[in-house]
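Bear in mind that the values in this text are calculations on the coordinates, not laboratory data. Not measured: the values here are computed from a predicted model. Note that we place each Cβ from the backbone using ideal geometry, even for glycine, and neighbour counts take in every protein chain shown.
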Amino acid sequence: MSQPDLAAEAVVKRFGDHVAVDSISFAVERGSFFSILGPSGCGKTTLLRMIAGFLAPDGGDIVIGGKSMRGVAPNRRPVNMVFQQLALFPMMSVGENVEFGLARRGIGRAERRNKAGGMLERVGLAGAAGKRVDELSGGQRQRVAIARSLVLEPTLLLLDEPLGALDLKLREHMKIELKQLQAEFGTTFVYITHDQSEALVLSDRVGVMNRGRFEQLGTPQDLYYRPATAFVAGFVGDSNRVAGRAAGIDADTVLVETGDGWSVHARRHGPVAVGDPVEAFIRPEAATIGRQPDQLPQDQPAHEGLVESLLFDGAKSAVLLRETRSRREFRVALPQTGQFADLRPGERILFSFDPTRAACFATASGEHA
Amino acid sequence: MREPDAPAQARTSPRLALLMTPAFAWLGLLIVLPHVELAVLSFRAQVGPRHYVPSLLQYRTFFDQPEYWRTFLRTAWMSVVATFATLCLALPIAWVIAKIARGRASAWLLLACLIPFWISETVRTLGWMILLRQSGVLPALLVDLGITAHPVELLYRDSTIMVGLVYNSMLFMIVPLISSLESLDNSLIEAAYDLGAGGLTVLRKIVIPHAAPGITAGCIIVFMLTLGDYITPTLLGGKDSGWFTEQIYTQFITRFNWAQGAAFGFLLLGLSTAIVVLGLKITGQRFGDVMGRR
């Protein structure tokens, strides 16, 4: 790993008695896309504002480009930020917005205009310099906000949920555009979001944050396939959550009994002892359904349920079942072949999943996600 | 059953007219009518007992007598200075109330600005006289502190008039400023800092352009109040304060020369209109935008 562009060293921030950021350490490699993913109120915005310099940490240090940022004001940091509501200056034209930072560095008018024009062209807004900000569409404003920051060639670009204000279709589009922009410019991006899909699609590495701490730091694949904690398993991607007690442990496989007549097998993650309250997380796409036992993989324990409803969503279609004995809900992804498109609510169906792809965690006291 | 369209319309018009009557009555009786009367008065000269002819004499007198137009220009200039001073003092106060103080604190601060205005202008100005007159609080304090040997008269100076004018105008500047600063998104300020701006640049490039309608509205109100003020310049500046409203008063009340007083009144109206229009031109704003937006 080359020298990190951003390193947080045991950063702490308290608001009164509340610890918003609780001794967080991480490093972001040069030129990578790093996301901080967490529910609202987890402290991610506080962390970002400390990196930008709008808040001072109560403990620890933030190092950007090898230099400690202790006591460095936001206007002196090699960091720029794309704000949640973009914060484009409405009293200035698009060109003046992009030139703003350059003018602050004392760059002459002609060069400023040149650079701003070039940057607008690179984000696909050639010739928009003379327009007013409110003449642009949501996606175009987004690009102006990014251009305004990138024209300063910062070591680090911070993005505070910049897609939050866009409608769904545009958000999907801008997601791809952001990733392409980052690849093209090679600037290190630090991205804050509560949307796990954004974090998974965009990032090289993701820190999953909860209650002021990182639950897990890893690649999107790590988070999805090898969640470190129950919180990550529940927060990243869709999961069926089966809570119960560990009735038996065989090597790494835990037998989870729900207490209302159902039991499932799941792979142990972290310490689990017999008798512990546990939770098993099973992804809808890790499960299979079948009308006959021979339609299920033979090495997996079979379960039985009644079809509750069909959730048609194109490629993401699923069926919602109720396990026969416990009456618990369970969601299974439908195969792309359209094989089970004729399922009817109330129909009896068999389902199974690979226990090694189901994650079992001991339930921490007071853990809610 | 009623027919929906035509009768409804017919019912609305008289009701609307009724609603508008007080406004029109107010405008007509208190503003238009007296001004028409004054205009007629100002354009005539008395040539004999109860004998008047149309004439520009009143206006010519104004330009022929240096004392009149000097007072006129002095009033205009001091009002401009007072307006600017009020703006400079009110902006930080409005900033604190709108942006720094939170919740209750900001309400209390605004109340603190408002409370002096529960008292009449005359009483407030008399308060200043108690503080500043030769036998008053401040000159005595200066002697006690050894700064002056004898109590100095702090009244009857131009700077004293200025203090009184700024003090009396403060609230009318602070209120429009607060409302225009409150609508300024804090993230714009942060974004400007983030892009490398310092405090002064943020003020010049972000805060003032955003607050421009509020600043202009406040300046227009304060300028007009100051220009037309009578009590403050007279009480704090003394008999020879050299305020133009005093000249008008003298013409109407002391000399009983209503024609001259009316002409002066119109000149003052023309002056305030001209300066307001000039101010809007310089700052590139429109009157409707300034007064319509809060």
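For this structure, a couple of remarks:
- Between the residues A:Gly31, B:Val80, B:Phe266, the greatest Cα displacement towards the positive end of the dipole of the protein assembly as shown, with unit charges on the Cβ of Lys, Arg, Asp and Glu, is found for B:Phe266.
- Taking only the Cα atoms of segment A:4-231, the ratio Rg/Rh comes out at 0.97, with Rh defined as the Kirkwood radius.
- When B:Val163, A:Val256 are sorted by how many other C-beta atoms sit within 10 angstrom of their C-beta, beginning with the fewest, the order is B:Val163, A:Val256.
- Point-charge dipole on Cβ atoms (K/R +1, D/E -1) for the protein assembly as shown, about Cα centre, debye to 20: 2060 debye
- Sequence of B:Glu121, A:Glu99 once ranked by neighbouring C-beta atoms within 10 Å, starting from the fewest: B:Glu121, A:Glu99
- Across q = 0.05, 0.08 Å⁻¹, the protein assembly as shown modelled as identical point scatterers on its alpha-carbon atoms has Debye log10 I(q)/I(0) values of -0.45, -0.86, in the order of the q list.
- Sequence-distant contacts, meaning Cα pairs under 8 Å at least 6 residues apart, place the relative contact order of segment A:238-362 at 32 percent.
- Less than 5 angstrom separates the built amide H of A:Leu156 from those of A:Asn80, all sequence-distant by 5 or more or on a different chain.
- Other protein chain Cβ atoms within 10 Å, averaged over every residue that makes up A:88-97: 3
- Spatial separation of Cα centroids for segment B:182-217 and segment B:84-111, in angstrom: 16 Å
- Quarter the surface of the alpha carbon convex hull of segment B:56-292 and you get the mean projected area, 16.9 square nanometres.
- Rounded to the nearest Hz, the phi-derived 3J(HN,Hα) couplings of segment A:219-234 under the Karplus curve 6.51 cos²θ - 1.76 cosθ + 1.60 (θ = phi - 60°) are 6, x, 5, 3, 4, 6, 9, 10, x, 8, 9, 4, 4, 5, 4, x, where x marks glycine and proline.
- Relative contact order of segment A:218-296, pairs being alpha-carbon contacts under 8 Å that are 6 or more residues apart, as %: 29 percent
- Close amide H pairs (under 5 Å, H built 1.01 Å from N) link A:Glu215 with A:Val208, A:Met209, A:Asn210, residues at least 5 positions away or on another chain.
- Relative contact order, percent, segment B:56-292 [alpha-carbon distance under 8 Å, six or more residues apart]: 27 percent
- Per-residue HN-Hα couplings for segment A:97-111 [Karplus 6.51, -1.76, 1.60; θ = phi - 60°; Hz; x = Gly/Pro]: 4, 5, 7, 3, x, 5, 4, 5, 8, x, 7, x, 4, 5, 5
- Shielding by partners - mean other protein chain Cβ count within 10 Å, residues of B:195-206: 5
- Coupling constants for segment A:251-261 follow from the phi torsions by the Karplus curve (6.51 cos²θ - 1.76 cosθ + 1.60, θ = phi - 60°), and in residue order they are 6, 9, 9, 9, 8, 9, 9, 7, x, 10, x Hz; glycine and proline get x.
- Residues A:Val12, A:Val272, A:Val236, ranked from the fewest to the most other C-beta atoms within 10 Å, line up as A:Val12, A:Val272, A:Val236.
- Amide H contacts of A:Leu6 (H built 1.01 Å from N, in plane; Pro and chain starts excluded): A:Val28, A:Gly65 sit under 5 Å, all sequence-distant by 5 or more or on other chains.
- Gain upon complete extension [A:Ser309, A:Ala73; 0.36 nm per residue less C-alpha separation]: 79.4 nm
- For the protein assembly as shown, the residue among A:Asn240, A:Gln84, A:Val98 whose Cα projects farthest onto the positive side of the dipole built from Cβ charges is A:Val98.
- Candidate cross-link partners of A:Lys44 among the lysines, defined by an alpha-carbon separation under 16 Å and a same-chain spacing of 8 or more, comprise A:Lys13.
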